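Chemist: Here you go, one structure.
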Amino acid sequence: MKFASRVLLVIITASLMLLLPAARQGFAQAPAAVPQPDLAPALSLAEARAIIGGAIAFARDNSFRLAVAVVDPAGNLISADSMDGVRANDMRGAEGKAFAAAVFRQTTQDLSDLYKTRPDRYFGIINIYGSKVYLVGGGVPLAVDGKLVGGVGVAGLHQFVDEKAARAGIAAWEKMRGTSKK
């Protein structure tokens, strides 16, 4: 029994000695740095709430009801809200529009046009992201100094009005940012 244990120990030691030089070479070759997207500092909760407040104010001024969501550049939800009487599925729609606008860095109206011009890309997006995206108008990417900071999505209004509400929210956010810099 002792002899078998010693032979096993010698085999393990020899194997490790053979693998050690290969392991050192692996450590010496660090992977190249992956370029990061051109992102600005993250949106604060207060900024997300300003966007939501602006969109809701637009809706109230026009006797509309909507759901609105704000996401970070990766499409993660920062904040969302819906007005009384909004259909339950409109919140999911708002989140899907905000996600798509942030991840694809273009409006969801532009993305919806892919159905006609690039159906392969349109259906590719739908197949890859499924229920995470909603490719109809109402999602707008958010940028500061040309750098992506997130996306806003609005749902529950008539065609093409969702994006107007989203842009009203963005205008309120820009106004807030302008006064906080002074």
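No lab work stands behind these numbers, since they all come straight from the coordinates. Just so you know, these numbers come straight off a predicted model, no measurement behind them. Cβ coordinates were reconstructed from backbone atoms using ideal geometry, including for glycine residues, and neighbour counts include every protein chain displayed.
Chemist: Ranked by Cβ crowding within 10 angstrom, fewest neighbours first, how are Val136, Val71 ordered? Display every interim value, and only then the final one.
Modeler: Details: Val136 19, Val71 30.
By the 10 Å Cβ count, ascending: Val136, Val71.
Chemist: Quick one: length gained pulling Asp61 to Ser131 fully straight, 0.36 nm per residue minus the C-alpha distance?
Modeler: Values: separation 70, 0.36 × 70 = 25.20 nm, distance 3.12 nm.
Length gained, Asp61 through Ser131: 22.1 nm.
Chemist: Once the Cβ-Cβ distance between Leu45 and Asp84 is put in as r, and R0 is 25 Å, what FRET efficiency do you end up with, to the nearest 0.05? Working shown, then result.
Modeler: Details: r = 22 Å, r/R0 = 0.90.
FRET efficiency, Leu45 to Asp84: 0.65.
Chemist: Shifting gears a bit: List Leu157, Leu148 from most exposed to least, where exposure is judged by having the fewest other Cβ atoms within 10 Å.
Modeler: Working: Leu157 24, Leu148 20.
Arranged by neighbour count, lowest to highest, Leu157, Leu148 become Leu148, Leu157.
Chemist: Using Cα positions and a limit of under 14 Å, work out the aspartates and glutamates in reach of Lys164, with same-chain residues fewer than 8 apart set aside.
Modeler: Qualifying aspartates and glutamates at Cα under 14 Å: Asp61.
Chemist: Distances over 22 Å make up what percent of all Cα-Cα pairs in region 80-182?
Modeler: Values: 1620 of 5253 pairs.
Every Cα pair in region 80-182 considered, those over 22 Å come to 31 percent.
Chemist: Let me ask something additional. What's the exposure ranking of Ser63, Ser44, Ser82, going from fewest to most Cβ atoms within 10 Å?
Modeler: Ser63, Ser44, Ser82
Chemist: Under 12 Å from the Cα of Lys175, which aspartates and glutamates turn up, not counting those fewer than eight places away in the same chain?
Modeler: Glu47
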